[in-house]
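Let me begin by presenting the structure, written as structure tokens, before commenting on it.
Read-outs throughout are calculated quantities, based only on the coordinates presented, and are distinct from any laboratory measurement. Here the structure is a predicted model, which means the values were calculated and not measured. Positions of Cβ are backbone-derived with ideal geometry, glycine not excepted, and every protein chain shown enters the neighbour counts.
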Amino acid sequence: MFWRIFWHLLGASRARLALALVTLASGAAITSALLNIDLDAERKLTREFRTLGANVVVAPPSESSEAALVDAAAMDRIAALRSRLLSVAAPYLYIAASAGPQPVILAGTWFDQVSKMNSWWKVDGNWITARDDRSQCLVGRIAARQLGLAPGSLVELRAGDHKISLRVAGIVTAGSAEDNQILTSLAVAQELAGLPGRLSLIQLSVAGTPIEIEAFMSRLAGVLPGLDVRPVRQLAAAEGSLLARIRGLIFWTMLLILTLTTLGVLASMAALAMERSRDVGLMKALGGSVRRIMRLFRTEAGALGLLGGTIGFVAGVILARWVGGRVFGVAISPRWEVFPVTVALSVGVALAGAFPLRLLGRVRPAEILRGE
Amino acid sequence: MMAPLVQVEHLEKRFGSVRALDGVSFMVEAGEWIAIMGPSGSGKTTLINILGGLDRPSAGRVIVDGLEISEHSEQELTRYRAEKIGFIFQQFHLVPYLTALENVMLAQYFHSLTDENEAAEALKRVGLDGRSTHLPSQLSGGEQQRVAIARALINHPKLILADEPTGNLDEANEVIVLNLLRGLHRAGHTILVVTHSQAIGNLADRRIELEHGRLARIAIATGARNAVARPQT
């Protein structure tokens, strides 16, 4: 009999219940979308941050002398880790050189890795794609202005007794120290400095969550004894801070949405409670206990929450994909663990919104049946 | 000697400064048909509501089937209504979205377990065997009241309380409903009917007449229609 009354009850109030269902499904859709985005944001943001350059640096210990260098064999050890987290590893050897009469910092590196790691650099001219290009160099924007260089110019570099003449392939605008430097291949820098097989440091771009990056750094420190493995603090802090802000924004938006949804359901249920007060008065007059009558309404609210949550989850996944496409340029993948959370929140909101129906338990049958 | 089914002693009900019932006392034996009469505002409905456990007295005692319901908690009153009372209202008060059969089964559901066959049988007894799947809106006033009577009887209550049961019916349906009540009386049911109608009052074993919340008189109708009993003090 419970289910007979229940189905009739749903049918009798379908307009108001449909309104409550739409409210719940809308709230659940936004909640589901936000939860999906929240869970995927870390992965997506981390990927975005990897295009912003290195986030891990391997260098001689900071307390050692400035002349201390890294053995180039460290690059082989890093490669031997075969970690899926390691996106790019670029060795650097910094030497003091001169271009004609002017002193200049020369950075020897692997061009192919540098271009991958710093895809956001603006280059006037061409990138150099060959790792060990011995005929060309890239010149930082400020250094190029001071030396009067442009793409296609020739520049003679000298360090001690060694010298080499290179063609300028491109002028780099990096917004960092590279703007004052000349970038050559690692081999060229090592020859000029007379330091074969030596490096100043290694820059790494490591993908993954902060916890994964931390674990990778520990592994790296294990295979590179005597070297410092440290994060690029500014980037890590910016990433952490941005993630925390996004998480905070998502949490407060969700709370606001759930509150508004509860208020919307409350409004529908308050109207429903007015409609049902006579029926409840009659049921009580016939000997219906408050517990038994309320079980009907609680089941109704629970079913609404369940249905609203399920519809909302599906709509939320679609919404998250769309938002992901707009914000991150790639669709957010649906996360199934969001489903039970969305449904549970929706059921909770429906039960909280059904508060006016619970007040019907206080209806005095004599007053209702008198028509008061 | 058997104890009376209903015992009302010095019953008072106040709504603010208004005394709806003022020191009413009477007894009803099992199997009696009592008509509660009096002008509007005399306290008839208040009395029947208190007897049915829908309202609480301000003072006095009400004992039904050995239970002092004036002392009952809200939960106990709910069980009392489900187990001891069958209500018939002037406005029928059927649940609009349940069929005739389900309206009868609703009382069974709140009492204990539902039995569809028994509910169908109850509808048959009131002449509605072909109407069990109809909604109240698809039934005439007389038919709705007969559904309400079937509902009132389904749990075999000790006491049937009817508040103006023919007040909203035309003459033909009034006759049908009164015949049903007569049949119930003959079958041994105890019935208290609130009515304005002198004709219905004359069908009862006794008439309890109220005026301004006080018991004006108790008139014995059946077998001694002219005899008038003075109110108990």
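Report the FRET efficiency, 1/(1 + (r/R0)^6), for B:Ala172 and A:Leu306, where r is their Cβ-Cβ distance and R0 is 45 Å, rounded to 0.05. It comes to 0.35.
Long hydrophobic helices in chain B, taken as whole DSSP H segments with a C-alpha length of 20 Å or more on their own axis and mean Kyte-Doolittle hydropathy at least 0.0: B:171-186. Rounded to the nearest 10 degrees, the inclination of helix A:290-327 to the longest alpha-carbon principal axis of chain A is 30 degrees. Within straight-line reach of A:Lys163, meaning a Cα separation under 13 Å, sit the following aspartates and glutamates at least 8 residues removed in sequence or on another chain: A:Glu191.
Toward the positive end of the charge dipole of segment A:56-231, with +1 on the Cβ of Lys and Arg and -1 on the Cβ of Asp and Glu, the farthest Cα among A:Ala107, A:Thr209, A:His162 is that of A:Thr209. Spin-label pair A:Glu367-A:Trp252: with each label point 7 Å from Cα along the Cα-Cβ axis, the two points sit 4.2 nm from one another. Rg of the Cα atoms in chain B, relative to 2.2 N^0.38 Å, amounts to 0.99. The distance between label points at B:Lys124 and A:Asp124 comes to 10.3 nm (points 7 Å beyond Cα on the Cα→Cβ vector). By the scheme Lys and Arg +1, Asp and Glu -1, what is the net charge of all other residues having a beta-carbon under 12 Å from that of A:Tyr92? Local charge sum for A:Tyr92: 0. The alpha-carbon of B:Lys124 sits under 19 angstrom from the alpha-carbons of these aspartates and glutamates, leaving out residues fewer than 8 places away in its chain: B:Glu102, B:Asp115, B:Glu116, B:Glu143, B:Glu174. May I ask for log10 I(q)/I(0) of segment A:56-231 at q = 0.13, 0.15 Å⁻¹, from a Debye sum over the Cα atoms as equal point scatterers with solvent left out? Log-scaled intensity ratios, in q order: -0.64, -0.84.
Note down the magnitude of the dipole of the protein assembly as shown about its Cα centre, charges +1 on Lys and Arg C-beta and -1 on Asp and Glu C-beta and zero elsewhere, to the nearest 20 debye.
Its charge dipole is roughly 380 debye.
The alpha-carbon of B:Lys13 sits under 23 angstrom from the alpha-carbons of these lysines, leaving out residues fewer than 8 places away in its chain: A:Lys284, B:Lys44, B:Lys84.
Model label points for A:Arg14 and A:Arg167, set 7 angstrom from Cα along the Cα-to-Cβ axis, are 7.9 nm apart. Expressed as a fraction of 2.2 N^0.38 Å, the C-alpha radius of gyration for chain A is 1.58. Applying 1/(1 + (r/R0)^6) with R0 = 41 Å to the Cβ-Cβ distance of B:Gln138 and A:Thr209, what FRET efficiency is obtained, to the nearest 0.05? It comes to 0.05. Summing charges over all other residues whose Cβ lies under 14 Å from the Cβ of B:Leu181, with Lys and Arg as +1 and Asp and Glu as -1, gives -1. Can you grab the distance from the C-alpha centre of segment B:139-202 to the C-alpha centre of segment A:313-372, Å, no decimals? Centre-to-centre (Cα) distance: 47 Å. With only Cα atoms counted, segment A:231-372 has Rg and Dmax values of 21.7, 77 Å.
Potential lengthening of the chain between B:Arg182 and B:Ser40 amounts to 48.6 nm, from the contour at 0.36 nm per residue minus the alpha-carbon distance.
Between the beta carbons of A:Trp336 and A:Ser62, assuming R0 = 41 Å, the FRET efficiency works out to 0.35 to the nearest 0.05. Relative to the dominant Cα principal axis of chain A, helix A:233-285 is inclined by about 10°. When the trypsin sites (Lys or Arg not before Pro) in segment A:114-214 are filtered for DSSP coil states and for at most 16 other beta-carbon atoms within 10 Å of their beta-carbon, the remaining sites are A:Arg131, A:Arg134. Of all DSSP beta bridges confined to the protein assembly as shown, the antiparallel ones make up roughly 70%.
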